[in-house]
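What follows is a short report on a single structure.
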Amino acid sequence: METLLWILGYLVMINLIGFILMGVDKRKAIKHSWRISEATLFLVALIGGSLGSFIGMHVFRHKTKHWYFVWGMPIILIIQIILVGALVIAPWISISIM
């Protein structure tokens, strides 16, 4: 149970970070200020923050004209959902819920 809570906590935090980074970068773009690199935005998505990044894209209307974000973020999210699903149903992995 403790491992599952750590994983869930990590996912909540990294998705919150992804969401916030999209908002911060949008604000910086409006002010013509220092920007967060696209590589950083994708890195956060790749390490588990794809849902937060995807939601942030649409809430802040940021990076929605860049095809690599419009297609990349949902593809990363789908791959991560498939991987988590595979881990959950895999018979060779046992995560104790109790």
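Here are the numbers for the structure shown:
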| quantity | calculated |
| --- | --- |
| Filter pass, Leu11 being in contact (Cβ under 8 Å) with a residue 12 or more places away in the chain and exposed (fewer than 14 other Cβ atoms within 10 Å of the Cβ) | no |
| All positions within region 57-81 that are open to solvent by less than 60 Å² (accessible area, probe 1.4 Å), within 16 Å of Ser37 (Cβ to Cβ) and either touching a Lys or Arg at 6+ places or on another chain (Cβ under 9 Å) or not small (Gly, Ala, Ser) (or both) | Met57, His62, Lys63, Phe69, Met73 |
| Within region 14-32, tally of residues that are among the acidic types (Asp, Glu) and either exposed (fewer than 13 other Cβ atoms within 10 Å of the Cβ) or at pLDDT below 95 (or both) | 0 |
| Qualifying positions in region 41-51 - under 16 Å from Val84 (Cα atoms) and open to solvent by less than 60 Å² (accessible area, probe 1.4 Å) | Ala45, Gly48, Gly49, Ser50 |
| So Phe54, is it under 17 Å from Gln80 (Cβ atoms), surrounded by 15 or more Cβ atoms within 10 Å (Cβ to Cβ) and touching a residue at least 40 places away in the same chain (Cβ under 8 Å) | no |
| Checklist (1) open to solvent by 80 Å² or more (accessible area, probe 1.4 Å); (2) over 11 Å from the mean Cα position of the chain (by Cα) applied to Glu38, failing item | (1) |
| Selection count, region 44-80, where residues are touching a Pro at 6+ places or on another chain (Cβ under 9 Å) and among the basic types (Lys, Arg) | 0 |
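The values are calculated or read from the model by the stated rules, or taken from the named source; none is laboratory data. Keep in mind it's a predicted model, so treat the numbers as computed, not measured. Note that we place each Cβ from the backbone using ideal geometry, even for glycine, and neighbour counts take in every protein chain shown. Surface areas here come from the heavy atoms of the whole protein model, side chains and all, with no ligands, DNA or RNA. Shrake-Rupley method; radii C 1.70, N 1.55, O 1.52, S 1.80 Å.
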